[in-house]
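FYI, it's all coordinate maths here, none of it is from the lab. Note that the coordinates shown come from a computational prediction; the quantities given were computed from them, not determined experimentally. Ideal geometry is used to build each Cβ from the backbone, glycine not excepted, and the neighbour counts take in all protein chains shown.
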């Protein structure tokens with residue numbers, strides 16, 4: 001329940017910082033790498049997702065220092081690339097927590113997929129991505145702590161699931177304070 005509900009004040013604050021998706025190609029975007037990719041993997045694996053009352057979609061998978069690539073990882077990255085290309089995004093910067101296992105393999109996989117597309121990409125390994133993303137504008141995440149502190153954000157996970165994956169999984173929907181995906 002806690003992952004799907006936020007206070008009214010938090011929902012209002014997050015909505016005020018939400019940038020419409022049609023503005024995504026104007027400047028660089030900063031991505032909470034594991035947050036985005038794991039949620040897409042869960043969606044593609046027909047897992048359970050939560051449509052939170054702040055308008056974000058969250059997974060129930062807990063990243064506890066270990067990560068492994070699965071067959072859905074490649075599809076998630078492919079869909080991300082199509083999304084970036086379709087929306088004419090010029091530059092993406094992924095942030096990954098370096099202590100997490102297999103983050104180097106994930107980086108190599110992402111770079112392999114993206115080298116054929118005309119998108120500038122950076123992948124940064126940091127000890128903890130949260131404080132970096134909390135200080136940024138144009139963030140892609142559904143992490144509630146980052147959303148509360150970042151300057152602005154895009155609801156890319158919701159957009160991708162709605163437009164690229166569709167009927168993929170079970171989404172448990174909490175009463176939403178706003179419904180912009």
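Could you quote the convex hull projected area for region 90-150, Cα atoms only and averaged over all directions, in nm²?
Dividing the Cα hull surface by four gives the mean projection, 4.4 nm².
What whole-number volume per residue, in cubic angstrom, does the convex hull of the C-alpha atoms of region 44-100 give?
131 Å³
Between residue 127 and residue 152, what length comes free when the chain is fully extended (0.36 nm per residue of separation minus the Cα-Cα distance, one decimal in nm)?
6.8 nm
Quick one: length gained pulling residue 7 to residue 48 fully straight, 0.36 nm per residue minus the C-alpha distance?
Full extension from residue 7 to residue 48 adds 12.5 nm.
Name the residue, out of 69, 18, 147, whose mean-square fluctuation peaks in a Gaussian network model built on the chain with Cα pairs under 10 Å.
Of 69, 18, 147, the most mobile in the Gaussian network model is 69.
Starting from a Cα-only point model with no solvent, please compute log10 I(q)/I(0) by Debye for the chain at q = 0.09, 0.10 1/Å.
So the normalised log intensities are -0.28, -0.34.
Any idea what log10 I(q)/I(0) is at q = 0.10 Å⁻¹ for region 1-104, Debye with uniform C-alpha scatterers and no solvent?
Results for region 1-104 at q = 0.10 Å⁻¹ read -0.33.
How would you rank 133-143, 76-86, highest first, on the average number of other Cβ atoms within 10 Å across their residues?
The densest-packed peptide leads the list: 133-143, 76-86.
For residue 137 and residue 28 in the same chain, what is the full-extension length gain: residue separation times 0.36 nm, less their Cα-Cα distance, in nm?
Length difference between fully extended and current span is 38.3 nm.
Kirkwood-based Rg over Rh for region 18-59 (C-alpha set), two decimals?
1.03
Extent of region 48-146 along each principal axis, from alpha carbon coordinates, in Å, largest to smallest?
Result, largest extent first: 35, 30, 29 Å.
If you count, for each residue, the other Cβ atoms within 10 Å and average over each peptide, how do 51-60, 19-28 line up from highest to lowest?
Result, highest mean Cβ count within 10 Å first: 51-60, 19-28.
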